[in-house]
1. Distance from a point 7 Å along Cα→Cβ of Ala298 to each backbone N in the range 190-218: keep the residues under 16 Å and list them by number.
2. Could you calculate the FRET efficiency of Asn162 with Gln228 from 1/(1 + (r/R0)^6), where r is the beta carbon distance between them and R0 is 30 Å, rounded to 0.05?
3. What whole number of Å gives the distance from the Cα centroid of the range 76-132 to the Cα centroid of the range 136-154?
4. For the chain, with a Gaussian network of springs between Cα atoms less than 10 Å apart, report the residue from Pro197, Pro297, Pro170 with the top mean-square fluctuation.
5. Evaluate the relative contact order of the chain (contact order divided by residue number), counting alpha-carbon pairs under 8 angstrom at least 6 apart; express in whole percent.
6. Relative to the Cα centre, what is the charge dipole magnitude of the chain, using +1 at the beta carbon of each Lys and Arg, -1 at the beta carbon of each Asp and Glu, and rounding to the nearest 20 debye?
7. With the dipole of the chain worked out from charges on the C-beta (+1 for Lys and Arg, -1 for Asp and Glu) around the Cα centre, which of Ala91, Phe229, Thr356 lies farthest toward the positive end?
8. Compare the Cα positions of Val188, Thr202, Val149 along the charge dipole of the range 149-223 (+1 at Cβ of Lys, Arg; -1 at Cβ of Asp, Glu; about the Cα centre) and return the one farthest towards the positive end.
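Derivation of every value follows stated rules applied to the coordinates shown; laboratory data play no part. Just so it is clear, the model here is predicted, and its values are computed rather than measured. Quick reminder, even Gly has a Cβ in these numbers, built from the backbone with ideal geometry, and neighbours come from all protein chains shown.
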Amino acid sequence: MGSTEFFQVTMTARELAAIAGPASELAEWKQWTIGERIQRDLAIQRIRQELVPYLLRSNDRFFGSLIVLVYEPDRFSFETLDLIPGAVPAAYRDVGQRMGFLTVHGGTYIALDGQHRLVALREILNGSVDASPAESAAVASDEVCVVFVRHESLEKTRRIFNKVNRHARPTTPTDNIITSEDDGYAIVARWLVEQEPPLNLTSPAPPLALFDAVGEPIVEWRRTNLDQFTTKLTTLQGLYQTIEAICETHGLARLDEKHRVNRPDDQELEQAYTWSASWWSAVLAGIDAYKTAIAWPASIRGLRQYREPWSLLFRPAAQVALFRGLGILVRNGPDLADAIKKANGLDWSAAADIWTDIIVRSNGKMINTQQAIILTGRLIAGLAAPDLLTPQQADRLSRDCARARGWE
């Protein structure tokens, strides 16, 4: 391709792990300047927390070709099948000029693209992680695709690495929610916006199978944020996080793919859906702002404006905080209906001083960090039912809010 000659090879994971490594293992690596280095440092935490569990526990594991650079080999030659006398039928000779045997002696094999996948394989095969012999053997025998490229110069190698990684487009959080078949929260989020209940259930009905006047769903599934003037109620990503909060309230935590790797069983998914659908139905029916929005979706764009009385309830980060606050209330006494009634009476204007620098800046911009969402959930619970807080809890909440506002 262009000026680059490459060779596509299949080999077992065991064979690949035995010969290749990341660039950081080159003897020259530590002496190279920033201008000479060809690769990023390894993210070991990502390897051990994400890639290793995926390879060990997912029967449907798969990834694309790794690009392996052959650095300073003694011999690098390719012999085509059509060179074998009489072995290749005439009909296959054209193809035979492109198939054959790549022979490499000496040199160093560097994973130019796929170093994290390679190191994850090695962690499994050398016994560095907790895996049964059967699991390790299964991964070792996996066949993987490898593209071999011979090193010509540092400049060319760096250029290939940069362009391969720069133009790779990672999936968005919304893409992952739409396509994942193993993340329990993502599966339930999709079910909540479908027309019929899942898993042959007859109830509860999906509460967010709602559409505006032109037939568009009121849950934003194309983007991860909401435009100021959109008529969308929430985002699919925000919905995902509310499901996480609901399930945690009921003691069913860590259904996400990072912790589970494989799909939760149908019993867990049914329970998560039932809780989530019931909570969302109750919130939509019990919060005045949402009752108005559902009855007249076109009003949402106005209701979301900064100084409007309910504006905060139409910001996804605050919606997640609301469900976290309801969870705190439910765990401490009130039933869900009572908790919603208490929350409904709060001042939900994004311009209200109580939320400033907690979940929203004074300029109306949201603070979307997980820390801010958790603190806002605690504040919602404290404002809705202050009698449920012990003096120590009230003092801690006050100090944490003061710290968030920069008063300490």
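1. What the label zone holds, given the 16 Å backbone N cut-off, is 211-216.
2. In this case the efficiency is close to 0.25.
3. First find each Cα centre; the distance between them is then 7 Å.
4. Pro170
5. 13 percent
6. Here the chain has a charge dipole of around 1180 debye.
7. With unit charges placed on the Cβ atoms, the residue in question is Thr356.
8. The residue sitting most towards the positive pole is Val149.
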